[in-house]
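Structure record follows, encoded as structure tokens.
The values are calculated or read from the model by the stated rules, or taken from the named source; none is laboratory data. This one's a predicted model, so the numbers in the text were calculated from it and none came from an experiment. Cβ atoms come from the backbone with ideal geometry, glycine included; neighbour counts cover every protein chain shown.
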């Protein structure tokens, strides 16, 4: 892991933690799953552009799939 990948993983993991906590508190499964994915997936993807694209897609997922 280089420094750029580590920093991006930490940023996306922090955003994922916030989404996970929100999903758990509000009992919403889409933000819960997206947050969990944001915390775990960056450590398995080594390409920075691919990791950024996947994480941005996961961050947009709760707005695309709305639960009411």
message: Looking only at the stretch 1-10, how many residues end up being in contact with a helix residue (DSSP H, G or I) (Cβ under 9 Å, 6 or more places away or on another chain) and closer than 17 Å to residue 54 by Cα?
response: 5
query: When residue 31 is evaluated against the numbered criteria (1) crowded, with 16+ Cβ neighbours inside 10 Å; (2) modelled with pLDDT of 95 or more, which criterion, by number, is the only one it fails?
result: (2)
message: Between a residue in the stretch 46-64 that is over 15 Å from residue 11 (Cβ atoms) and any residue that is surrounded by fewer than 17 Cβ atoms within 10 Å (Cβ to Cβ), which pairs come within a Cβ distance under 6 Å, given they are 6 or more apart or on different chains?
response: 62/30
- prompt: Which of the residues belonging to the stretch 12-21 are surrounded by fewer than 15 Cβ atoms within 10 Å (Cβ to Cβ) and either over 13 Å from the mean Cα position of the chain (by Cα) or under 20 Å from residue 64 (Cβ atoms) (or both)?
  reply: 18
